[in-house]
Amino acid sequence: MKDFAALYGRLDQTTRTNAKVAALADYFRTAPDADKLWTVALFSGRRPRRTITATSLRDWAAERAGLPLWLFEESYGIVGDLSETIALILPPPSKDSDQPLSYWIARLRELSALPEPERKAGILDAWDSLPGSERFLFTKLLTGSFRVGVSQTLMTKALAQATDQPETEVAHRLMGDWTPETTTWARLLHEGEARDDSARPYPFYLAYQLEDPADLGDPADWFAERKWDGIRGQLILREGKHHLWSRGEDLITDRFPELARAIDWLPHGTVLDGEILAWDGDHPMTFNALQPRIGRKTVPKSLLTTAPVVLMTYDLLEQDGHDIRPVPFQDRRQRLEALLTGLPPEAPLRLSPPVPFATVDDLREERLRAREEGAEGLMLKRRSSPYGTGRKKGDWWKWKVDPLTIDAVMVYAQAGSGRRANLFTDFTFAVRNGNELVPFTKAYSGLTDAEFRQITAWVNKHTVQKFGPVRQVEPVQVFEIGFEGIQASPRHKSGVALRFPRMLRWRHDKPVNEIDTLDTLREILAAHG
Amino acid sequence: MNVLTFTDRGIYCPAGDFHIDPWRPVPRALLTHGHSDHARGGMDTYLSTDLAAPVIRHRLGPIRLDTIRYGEPRQIGGAKVSFHPAGHVPGSAQIRVEVGGEVWVVSGDYKVVDDGLSTPWEPVRCHAFISECTFGLPVFRWTPQEELRDQVNGWWAQNASEGRFSLLGAYSLGKAQRVMHLLDPSIGPILTHGAVEAVTQVLRDQGMPLPPTTRVTPDLDLKAHAGAMVIATPSALNSTWARKFGNASTAVASGWMALRGIRRRRGTDRGFVMSDHADWPGLNEAIRATGAEKVFVTHGYTAAFRRWLEEQGYDAGIVSTDYAGEEVLAHDEAPKDIIDEDAPGGAVA
Ligand SMILES: [Zn+2]
C-alpha cells in the first residue's frame with residue numbers, strides 16, 4: 001500500500017500533466033503486477049463495490065476514537081469526505097504494514113463476506129495498521145468512493161511509456177468488460193492482440209469545443225454535421241453477436257434492444273459510431289424522451305413504443321473485420337454511406353446527414369438553426385483525419401449552440417464538499433412571480449475560485465436563517481443561469497426542471513427587481529420543452 | 001464578581017480597569033502577541049512581554065508600550081497580573097489575572113509543542129480559562145516537528161537538484177521564522193519576500209537564532225541563486241512577484257493543510273501541516289493542565305468545542321470576539337499583511 005499511497009500523493013501534489021504522467025509511468029515500471037492491474041482498474045473507474053455501509057464505518061471509527069457521533073458528524077461537515085474524516089479522527093496506528101495494494105483489496109473482499117463482529121474487528125485492525133494516506137485510501141476503497149484526478153488519456157500515455165507500446169494500442173487494450181478478477185497484467189497489456197476479445201470496443205474519439213470557426217482554415221477541408229443530443233454509442237457486430245457500448249465504457253446492449261436488428265442488414269465485422277436518439281419516425285425527440293431509458297437495465301414495453309431509439313450513425317470504424325480507423329474520414333464516410341443507403345425505415349440505423357456549407361458564415365447560420373433540427377450544435381470534422389483516440393485537439397470540433405439563459409436571484413447557499421468544503425458553492429436560484437420569489441433550480445458550477453470566495457464572504461454576512469447546512473440569504477445577488485434544456489416537472493414548485501444548469505455570469509450590474517419572471521420560464525418551456 | 005468580563009471592545013478586567021487584546025480604542029491594553037487580530041492601533045497605553053515588544057513597535061509605530069518579563073508579577077489596580085509563555089510565536093503570552101484569590105487566564109493564541117524558537121508553552125493553573133479553539137475539531141492532529149523538518153527539507157532538496165526554486169508561503173510573523181529554523185542551510189541559499197524579511201530582521205536583532213537570508217530585490221541575480229528556498233507571504237505566492245521564479249515548486253505551511261479539500265483548492269504543489277495553534281490533542285491537554293473548572297472558548301469551532309467540553313464535565317461558555325474566526329475570509333480582505341497565520345482565509349487565498 002505504501003507504493004500506491006506514494007503514487008497517489010505524487011498525483012495529488014501536482015497539477016502539471018507531465019509530472020502526473022511521470023509519476024504513473026514510474027509506478028507502472030516498478031510496482032508488482034497485481035498492484036498495477038488494480039491501479040489501472042481503479043483509475044479507469046472499475047472500483048470494488050461498497051460492501052459495508054457508511055453508517056457502520058462511521059460508528060466504528062467514532063467508537064475507536066472515543067468520540068461522540070455528533071462530533072464525528074460535525075467534523076465530517078468540515079472535512080466534506082467520509083473516508084478522510086475517518087482517517088483523520090482515528091488515533092495514529094500502533095502497527096506498521098508492508099502489504100501491497102492487492103493484499104488490502106483482497107482483504108476488504110474477505111472481510112465483507114464475514115459476519116459483523118469479525119468484519120468490524122478486521123476493519124479496526126486494518127485501520128490500526130495503516131498510517132495517514134494509506135488509511136484514507138483503504139477507507140476510500142471500503143466505501144466504494146475511490147476517485148482520482150487522472151484522465152484515461154494520461155494513464156494511457158503513462159502505460160504506453162512504461163510498457164513501450166503505442167498509445168492507441170494501450171487505449172484499445174484497456175477498453176471493454178475486464179476486471180482484475182477476469183484478467184492478468186500480462187494478458188491485459190502484453191499478450192495477443194487488442195482485438196482478440198470480440199466484444200471489445202475501440203476507444204472513442206472525442207471532440208474539442210470550438211471557439212471560432214474562422215480558426216479552422218480552408219472550409220473545403222471540413223465536413224459538417226449536426227451535433228446530436230443523445231447518448232454516444234459504439235455498435236459492434238462481430239461473430240454473430242452485437243454489443244453496444246456507451247462512451248463511459250458501459251456495456252448497454254440490453255438497454256436498447258431495438259439495435260439488435262442491425263444484424264439483419266449489416267455484415268459481421270462492422271463497428272459503427274453514432275448517437276443513440278429517441279426517434280418519432282421522422283425526427284429526433286428531445287433528450288427528455290430518452291431520459292427514462294438511461295437508468296434502466298431492462299426496458300418496459302411501453303417505453304419501446306413511446307420512446308423507440310435509433311442509432312444516428314456518423315462513423316465506420318471497422319469494416320469486414322478490418323480496423324479502418326487510420327483511413328481518412330472522407331473515405332470512411334463514403335463507405336458508411338454505401339453501407340446504410342437503401343436500408344428500410346424499420347432498420348434502427350440512420351445516417352447522420354451532412355450539413356452543406358461553403359463559407360464560415362454559412363456555418364454560423366446553420367449553428368443557429370441547430371435547436372429547430374433537434375440538435376445541440378454542429379460537429380466539424382477534418383476530411384483527411386484518421387479516427388483518433390480520446391480527446392485530441394485539431395481534427396474534430398464541436399460547436400454548440402449558446403445555452404438558454406435566464407436571470408435569477410440567489411436565495412439559498414450551501415457549502416460544497418471535498419475540494420470545496422469550506423466555501424459556499426451550491427446555490428438555489430429563484431425567479432419572480434408577482435411579489436413572490438419562486439425557487440426553480442440549483443447550480444454549483446461556473447464561477448471562478450475567486451468568485452466563490454467572494455460570494456462565500458458575502459453569504460457569511462447576509463445569512464437570514466440557517467437550516468442545517470443550508471443558509472437562506474438576502475435575495476440580492478443576481479446571476480445569469482445557463483442551461484441546455486428544460487422540461488415540465490410537477491415535483492418542482494416552479495413546474496420546470498432544467499438540464500445542466502450553471503452560473504454563466506454574476507450580474508453585479510443587475511438589481512433584483514429586474515430578474516426574469518416565472519412567465520419567462522414558462523415561455524422557454526413552451527418553446528423548448 | 002467576575003475577574004474578567006466580555007465587552008464589545010474586548011476582554012475587560014473591572015478590578016484593574018484594563019482590556020486584553022481589545023479591538024476598539026481603550027485607555028489600557030494588555031497584548032498577548034503581535035498578530036494583527038490581537039494587536040491593534042489606537043490604544044492610549046500598551047503592555048506586552050519584552051520579547052513581543054519589538055514586533056509590536058515595528059507594526060504599530062510610535063506607541064506608549066510598557067514591557068514585562070514572563071512570570072513577573074505586576075499589580076494593576078485591584079488585579080495581580082502576570083504573563084506566561086504561550087508557545088504561539090516568539091514573545092507570545094497567556095495573561096494570568098488574579099483578583100481576590102480568583103485566577104483567570106486568557107490564552108491568546110497558543111500551541112503546546114515546542115517549535116524551537118518561541119518560549120515553550122507552560123500550563124498555568126487557574127479557576128477559569130479563556131481558550132482559543134481555532135482547530136477545535138478532532139480531525140486536526142499535527143505532524144511532529146521532526147517529520148516536518150524531513151518533509152520540508154526533502155521537498156527543497158528535490159527541487160534544488162532539479163534547479164528549481166522552492167516557493168514556500170508562510171505568514172511573516174512566526175511561521176516564516178519557524179520554517180527557516182527547520183531548514184538545512186547546506187541545501188542552498190534562503191531568499192525572502194520583503195514582508196518576511198522585515199519581521200525576520202526585527203527578530204534577528206532581538207537575538208533569535210535565525211539563518212542568514214537574502215531579501216529578493218529587483219536587482220538580485222536570481223540565476224546565481226538557482227534552487228534556493230524562497231519564503232514569502234501566502235498572498236505573494238499568487239502575485240506577479242512570484243512569477244519571476246519561473247517554474248518553481250510551490251508550497252504552503254498551515255494547519256489547514258491537514259484537510260485535503262483546502263490543500264487542493266489552495267492549488268500549490270505541496271501543503272505542509274504546520275500550525276502555531278494547538279491541535280485537538282493539544283487543546284484538550286492544555287485545558288486539562290490548567291485545572292480550570294470553567295472554560296470559555298473564543299475563535300474557531302466554538303460551538304462544537306464547547307459542547308465537547310461540557311460533555312467532559314467542564315462548565316463551558318462561548319465568548320464572541322473579533323479574533324480570526326471560523327468564517328472564511330478571503331485573504332485579500334484581510335486588513336494587514338501580518339494577519340493571524342492560520343486564519344482560514346490564509347488557506348483559501
Ligand atoms: Zn496569533
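A few notes on this one:
- With bins 10 Å wide beginning at 0, the percent of Cα pairs of segment A:1-42 falling in each bin runs 30, 59, 11.
- Residues of segment B:89-113 falling in the label zone of B:THR45, defined by backbone nitrogen less than 20 Å from a point 7 Å along Cα to beta-carbon, are B:95-99.
- Other protein chain Cβ atoms within 10 Å, averaged over every residue that makes up B:128-139: 3
- Ratio of Rg to Rh over segment B:145-273 (Cα coordinates, Kirkwood Rh, two decimals): 0.93
- In terms of the mean number of neighbouring beta-carbon atoms within 10 Å, the peptides B:237-245, B:55-63 order highest first as B:55-63, B:237-245.
- Maximal additional length on extending the A:LEU124-A:GLN165 stretch stands at 10.5 nm, based on 0.36 nm per residue less the C-alpha distance.
- Among the residues of segment A:12-42, those with an accessible-area drop of 20 Å² or more from chain alone to full protein complex, heavy atoms and 1.4 Å probe, are A:ASP12, A:GLN13, A:THR15, A:ARG16.
- Contact order relative to length of segment A:404-528, as percent, for alpha carbon pairs under 8 angstrom and 6 or more apart: 30 percent
- Mean Cβ neighbour count within 10 Å, used as a protection proxy, ranking A:469-477, A:341-349, B:124-132 highest first: B:124-132, A:469-477, A:341-349
- Think of each Lys and Arg Cβ as +1 and each Asp and Glu Cβ as -1; about the Cα centre, that makes the dipole of chain B roughly 540 debye.
- Label-point separation in nm, B:THR5 to A:GLU73, each point 7 Å along Cα→Cβ: 3.8 nm
- When +1 charges are put on Lys and Arg Cβ atoms and -1 charges on Asp and Glu Cβ atoms, the dipole computed for the protein assembly as shown relative to its Cα centre reaches about 280 debye.
- Each residue, A:ARG261 and B:GLU147, gets one label point 7 Å from its Cα in the Cβ direction; the gap between the two is 6.5 nm.
- Nearby lysines by direct alpha-carbon distance to B:LYS223 (threshold 19 angstrom, same-chain neighbours under 8 apart not counted): B:LYS244
- For segment A:17-85, applying the loop criterion from DSSP together with a ceiling of 10 other beta carbons within 10 Å to the trypsin sites (Lys or Arg not before Pro) yields A:ARG49.
- Computed over protein heavy atoms with a 1.4 Å probe, the carbon and sulfur contribution to the accessible area of the protein assembly as shown reaches 49%.
- Across segment B:145-273, Cα pairs under 8 Å and at least six residues apart give a relative contact order of 34 percent.
- Rounded, prolate or oblate (a/c below 1.5 giving rounded, otherwise prolate when a/b exceeds b/c) for chain A by Cα gyration tensor: oblate
- FRET efficiency for the B:GLN312 to A:ASP282 pair, using the beta carbon distance and R₀ = 51 Å, is estimated at 0.10.
- Using heavy atoms of the protein chains and a probe of 1.4 Å, the accessible area assigned to A:PHE28 is about 10 Å².
- Set of aspartates and glutamates with alpha-carbon distance to B:LYS175 below 12 Å, sequence-local pairs under 8 removed: B:ASP115, B:ASP276, B:ASP340, B:GLU341, B:ASP342
- Convex hull volume per residue, computed on the Cα atoms of segment A:431-529, equals 116 Å³.
- Per residue solvent-accessible surface (Å²) - chain B, probe of 1.4 Å: 36 Å²
- Between A:ARG335 and A:SER198, the C-beta separation translates, for a Förster distance of 25 Å, into a calculated FRET efficiency of about 0.75.
- Overall shape of segment B:104-144 was characterised from the C-alpha gyration tensor. The equivalent ellipsoid obtained from it has semi-axes of 19, 16, 8 Å, in decreasing order.
- Trypsin sites (Lys or Arg not before Pro) within segment B:66-98: DSSP coil, no more than 15 neighbouring Cβ in 10 Å: B:ARG69
- Its residues counted as N, segment A:2-143 yields a C-alpha radius of gyration over 2.2 N^0.38 Å of 1.08.
- Shielding by partners for peptide A:75-83, expressed as the average number of C-beta atoms from other protein chains within 10 Å of each residue's C-beta, is 4.
- Computed label-point distance, nm, for sites A:HIS508 and B:GLU72 using a 7 Å Cα→Cβ extension: 5.0 nm
- Reachable lysines from A:LYS392, criterion Cα separation under 28 angstrom, eight or more residues apart if same chain: A:LYS20, A:LYS36, A:LYS157, A:LYS227, A:LYS381, A:LYS400
- Taking all Cα pairs closer than 8 Å and separated by 6 or more residues, the relative contact order of chain A comes to 12 percent.
- Positive-end extreme of charge dipole, the protein assembly as shown - chosen from B:TRP142, A:GLN161, A:GLY377 (charges on Cβ): A:GLY377
- When chains A and B come together, the accessible area they lose, probed at 1.4 Å and totalled over both chains, is close to 2900 Å².
- Neighbouring partner chain Cβ atoms per residue of B:264-274, average, 10 Å criterion: 3
- Sites A:ARG109 and B:LEU222 - FRET efficiency at Förster radius 56 Å, r taken between beta-carbons, to 0.05: 0.55
The values are calculated or read from the model by the stated rules, or taken from the named source; none is laboratory data. Since the structure is predicted, the reported quantities are computational estimates derived from the model, not experimental observations. Virtual Cβ from ideal backbone geometry, glycine too; neighbours counted across all protein chains shown. What goes into the accessible areas is simple: the full protein's heavy atoms, side chains included, and nothing from ligands, DNA or RNA. Shrake-Rupley method; radii C 1.70, N 1.55, O 1.52, S 1.80 Å.
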